[in-house]
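Every read-out reported here was derived from the displayed coordinates using simple, explicitly stated rules and does not represent laboratory data. Quick caveat: nothing in here was measured; it's all calculated off a predicted structure. FYI the Cβ positions are ideal-geometry reconstructions off the backbone, even for glycines, and counts take in every protein chain you see.
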Amino acid sequence: METLNKTASVASEFVIVGLDDVPHQKLVGAAILITLSLILLGSFANIGVITLSRPLHTPMYFFICTLALVDILYTSSVSVTMLNVLLGEDRTVPFGLCILQHFLFHLGTTMEPFTIALMAYDRLVAISNPLRYQSILTNARVFSLIAFTWAIGCAVSGTFTGFVGYLPFCRTNVLQYCFCEYASLVRAACVDPAYYFNTASVVFTVVLVGNFFLIVFSYVKIVYEVVKLSSAKDQRKVFNTCSSHLIVVVCFFVPKFLLIVVTRVGLVLTISTRNGLIICSTLGPSLVNPYIYCLKNKDIRGRLQSVFKGSVISPKS
């Protein structure tokens, strides 16, 4: 934790250089803009439909709303910087805005696995205790669980934001990555990064792996309950109930674990390759999530269809 360079100073702004080597920057920026627009459209559609439809005020849909809110929060926070660099051609980020972006990004990356784990728990209760579902997952209990996970997310992200907020930065204040994340800020500081990286690795591994095992445990019990069902029709019904969530689980955890494996086996990635993986693992799952529920959930799909049908003005005869 000792300062390595006596020229370290308090940063007033940072310069993002991680996107300098990206070919066709305008085209990449346009792709990110379109992706972000689709994420916001799908997520806000889910939140709006669930909020305005009283029959959907149930635990599963509250968790879907939470997931949509998390997706909006951290994808928009990081996309703004990338769009500013790629389309606005402005590589500088003020210190305060960079720290805020760091907080929101890591809040999102912490909240996403917690929310997906809560959704797995919801499916477990619905399948293993269908008659007691409403008594086990009351709205008050659901809101308490959601508030508890948000508190954990804020505590984790706030702690690491506090770490980087007080680091002594070198005069160049150059960030090698594509937005203000923990690794880029630590590498830009005039300190030995080993302590900071080791601490972050332990905490984020516990969050990621811990929630993953909770999800696996939930699905092991769900499979056990499915095996006990004698009717193939009931088994298909259970599979259809869980299929949307399983897609969300795969889309979120597979890229994260691949990035961890690639890092741990000692494979050296170029800055461009690492940035590409980070961007895809951040925007990709958030793009899939809202449309999975829009397309595969008949209640949300039905209400969206009714909204569009209701907005069509019939021509006068």
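Label sites at Gln235 and Ala147, each approximated as a point 7 angstrom past Cα along Cα to Cβ, lie 4.3 nm apart.
Based on the Cβ-Cβ distance from Phe44 to Asp192, what FRET efficiency comes out when R0 is 41 Å, to the nearest 0.05? List each step's numbers first, then the result.
Numbers: r = 44 Å, r/R0 = 1.06.
Once rounded, the FRET efficiency stands at 0.40.
Give the relative contact order (percent, whole number) for the chain; include only Cα pairs under 8 Å separated by 6+ residues.
29
Per-peptide packing, taken as the mean over residues of other Cβ atoms within 10 Å, places 183-193, 152-162, 107-117 in the sequence 107-117, 183-193, 152-162 from highest down. Ignoring aspartates and glutamates fewer than eight residues from Lys237 along the same chain, the ones with Cα atoms less than 14 angstrom from its Cα are Glu225.
Nearest 500 deg cm²/dmol is fine: what mean residue ellipticity at 222 nm does the chain get from its DSSP H runs of n ≥ 4 alone, each adding -39,500 (n - 2.57), divided by its residue count? Kindly include the intermediate steps, with their values, before the conclusion.
Numbers: 10 runs with 237 residues, N = 317.
For the chain, the value works out to -26500 deg cm²/dmol.
The peptide list 44-54, 58-68, 128-138, put in order of mean Cβ contacts within 10 Å with the highest first, becomes 58-68, 44-54, 128-138.
Our note on the geometry: Cα centres of the range 49-76 and the range 135-175, 19 Å apart.
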